[in-house]
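The values are calculated or read from the model by the stated rules, or taken from the named source; none is laboratory data. Model, not experiment: these values are computed from the prediction. Please note: Cβ atoms are built from the backbone with ideal geometry, for glycine as well, and neighbour counts cover all protein chains shown.
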């Protein structure tokens, strides 16, 4: 099996869309002549031309809306918003329009739109460029939220997204683009709404998604050294959410910590924690632990920026302390 | 219609001209305007009776714009609108029964009772919705136009918006990209002089005349009397032809006045009764009827017959709405997500 960077897996996913479906086109800021802010679409303009690889003005609201509008008449647009921070400028189109049109039109309209965007912090880009809003979008009915943690999943889930007829936030973590992983040559898909057991274990369940999956895996390796066996679950999607896999794991391990990069207040970990205690209260041997970034804007300086992003040591200490392991 | 209409920085108001119009065509225009008027009056009655709830924004006084602009479009063109959308929906041919049922929150409504007055949809008729976030429909119109261009079709999108929307960023973003990409959009501004209760002179640095806003984006623009149905019709026919040729968007500012409040909740305290009364003398339906009769195109009997037919249509719409079932509890959960492709 070939190893591939997540960036290259995404490029492959996008090439497939353009090669296989003439209803698909790419649209976004600096995806063409510049080659993409994260170089995912490097060489695309030359290959596919400017009709299908459309550089846009810096007008997030209108180009996201244009994606929605074209989807309303049967196109299958793939819109790139350079970072998830900038999706806030297009929030009206995403939430008031994309997410509502199927419902408000009583199913007359569908919006098969994929919004690719880059999420996460840790690159010293300070408060306006280091945020993670996947959890916000996951709270909106009508949207799907896909958060791959590996090159395999990025390609496999993107293929599933292309067959879905709903507006999708496809959030790629900035620090994962250069992560390598195995990607088979033969065709496969990863269904939306099916979590992955990244590492099986018996003593504690660590739930994570996107950039935090690797951190949780690191923590699991460290806990293993102390003979604590962790099961790491990669949610893969926040919407649809595969709660069953989480609950099943918790019923086995009786302990759970949820790791999430964004702020604790309003974090998706709160929703998951609540769902777990409703479904498996009697199985819990301790409190449900939420390991989130603290409620502070991301600073620039490296040393204090690192203090706000959950780390493997943070997880290890929290698990040991809270569960008395 | 002279080619000069869309020359930049030129303000042209065309007068009604019925010379070349067949009698039946004139009667159709009158009939469509009267249908909207009577539909809206009935909706207001139903609102007062509590059968229509939520926000109800009526189009009374502005009928000439929808009726002048929409019927000249082809079936394969698209119409997208704002929250004051009943007139556009009816002019596009949505069944008054389905529209009234929607206002009454019934499952037989054109949006299944889930959209209400501000969110009428009929995709078969290419009526792509009333949209209730001011300016929010403009990016959608851009997308429909882009889709048409990518499909190499010569259909156009007519996008209605009000004077309130031109203060939104989305308006300027949409104008820029439509012009830049030469998209087939007719920007159809309905300037009724008030964004809810705020006089446009108090909200816009450029004043109440807005069509000049298209100039920096190199979009041909014109301002017309939006209470003159023939002026709207002729301007739209010319404008749509230009857009269909692939020359990019046009911008039509129709000056209008809404006779009633912003919504049923609005007592119109921000404007003088005198101003309202003065504008009522410009009633687009009366004006068109009078011109038709003066020119001998139609007579009083024709008008009376149409009025009778419209009353029956509206009464049937009301009865249909009243008798239709409400959505079921199951309907609450349908269509949140679309079915996968191929299902």
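The combined condition, being in contact with a strand residue (DSSP E or B) (Cβ under 6 Å, 6 or more places away or on another chain) and within 21 Å of residue A:215 (Cα to Cα), is fulfilled by residue A:145.
Of the residues that make up segment B:144-164, is at least one in a loop (DSSP other than H, G, I, E, B), closer than 30 Å to residue B:199 by Cβ, more than 9 Å from every other protein chain (Cβ to nearest Cβ) and modelled with pLDDT of 95 or more? No: zero hits.
Here residue A:65 fulfils each of the conditions (1) under 23 Å from residue B:156 (Cα atoms); (2) surrounded by fewer than 24 Cβ atoms within 10 Å (Cβ to Cβ) apart from (2).
Within segment B:250-275, the set of residues being closer than 23 Å to residue B:228 by Cβ and surrounded by 16 or more Cβ atoms within 10 Å (Cβ to Cβ) comprises B:250, B:251, B:252, B:253, B:254, B:255, B:256, B:257, B:258, B:259, B:260. Comparison of B:116, B:109 shows that the only residue that is in a loop (DSSP other than H, G, I, E, B), surrounded by fewer than 24 Cβ atoms within 10 Å (Cβ to Cβ), at pLDDT 95 or above and within 12 Å of another protein chain (Cβ to nearest Cβ) is B:116. The set of residues in segment B:120-138 being within 13 Å of the chain's Cα centre (by Cα) and either in a loop (DSSP other than H, G, I, E, B) or within 8 Å of chain A (Cβ to nearest Cβ) (or both) consists of B:120, B:128, B:129, B:131. Scoring residue B:172 on the criteria (1) in a helix (DSSP H, G or I); (2) within 28 Å of residue B:261 (Cβ to Cβ) leaves a single failure, condition (2).
Only helices (runs of 4 or more DSSP H) whose full extent lies in segment B:232-343 are considered here, and the ones with at least 3 residues that are in contact (Cβ under 8 Å) with a residue 24 or more places away in the chain are B:284-294, B:300-323.
The set of residues in segment A:247-268 that are surrounded by 23 or more Cβ atoms within 10 Å (Cβ to Cβ), under 24 Å from residue A:85 (Cβ atoms) and touching a residue at least 60 places away in the same chain (Cβ under 8 Å) comprises A:260, A:261, A:262, A:268. Note on segment A:157-178: residues that are under 16 Å from residue A:39 (Cα atoms) and assigned to a strand (DSSP E or B) total 3. With respect to the conditions (1) in the same structural domain as residue A:64 (by TED's automatic domain parsing); (2) farther than 25 Å from residue A:269 by Cβ; (3) touching a helix residue (DSSP H, G or I) at 6+ places or on another chain (Cβ under 6 Å), residue A:189 falls short on a single one, namely (1). Taking the conditions (1) away from every other protein chain (no Cβ under 11 Å); (2) in contact with a strand residue (DSSP E or B) (Cβ under 6 Å, 6 or more places away or on another chain); (3) farther than 26 Å from residue B:54 by Cβ; (4) assigned to a helix (DSSP H, G or I) in turn, residue B:186 satisfies each one other than (4).
Note on segment A:102-112: residues that are more than 7 Å from chain B (Cβ to nearest Cβ) and either over 12 Å from residue A:66 (Cα atoms) or surrounded by fewer than 23 Cβ atoms within 10 Å (Cβ to Cβ) (or both) total 1. Could we say that residue B:141 is more than 7 Å from chain A (Cβ to nearest Cβ), buried (at least 24 other Cβ atoms within 10 Å of the Cβ) and assigned to a helix (DSSP H, G or I) here? Against the criterion (more than 7 Å from chain A (Cβ to nearest Cβ), buried (at least 24 other Cβ atoms within 10 Å of the Cβ) and assigned to a helix (DSSP H, G or I)), residue B:141 does not qualify.
The single condition among (1) within 14 Å of chain B (Cβ to nearest Cβ); (2) assigned to a strand (DSSP E or B) that residue A:181 does not satisfy is (1). Within segment A:158-175, restricting attention to residues that are crowded, with 24+ Cβ neighbours inside 10 Å and touching a residue at least 60 places away in the same chain (Cβ under 8 Å), the residue that is nearest to the other protein chains (Cβ to nearest Cβ) is A:166. The residue list B:170, B:190 contains one member that is more than 13 Å from the chain's Cα centre (by Cα) and either surrounded by 18 or more Cβ atoms within 10 Å (Cβ to Cβ) or more than 30 Å from residue A:21 (Cβ to Cβ) (or both), which is B:170. The single condition among (1) surrounded by 22 or more Cβ atoms within 10 Å (Cβ to Cβ); (2) within 9 Å of chain A (Cβ to nearest Cβ); (3) closer than 28 Å to residue B:316 by Cβ that residue B:99 does not meet is (2). The numbered conditions (1) crowded, with 19+ Cβ neighbours inside 10 Å; (2) in the same structural domain as residue A:149 (by TED's automatic domain parsing) are all true for residue A:219 except (2). Criterion applied to A:94, A:115 was being part of a strand (DSSP E or B), more than 9 Å from chain B (Cβ to nearest Cβ) and surrounded by 22 or more Cβ atoms within 10 Å (Cβ to Cβ), and the one residue passing it is A:115. What do you reckon, is residue A:286 in contact (Cβ under 8 Å) with a residue 24 or more places away in the chain, over 22 Å from residue A:229 (Cβ atoms) and not assigned by TED's automatic domain parsing to the domain that holds residue A:125? Considered against the rule, which asks whether it is in contact (Cβ under 8 Å) with a residue 24 or more places away in the chain, over 22 Å from residue A:229 (Cβ atoms) and not assigned by TED's automatic domain parsing to the domain that holds residue A:125, residue A:286 comes out as no. If the condition is being assigned to a loop (DSSP other than H, G, I, E, B), over 26 Å from residue A:128 (Cα atoms) and more than 14 Å from chain B (Cβ to nearest Cβ), then segment A:29-83 contributes only A:43.
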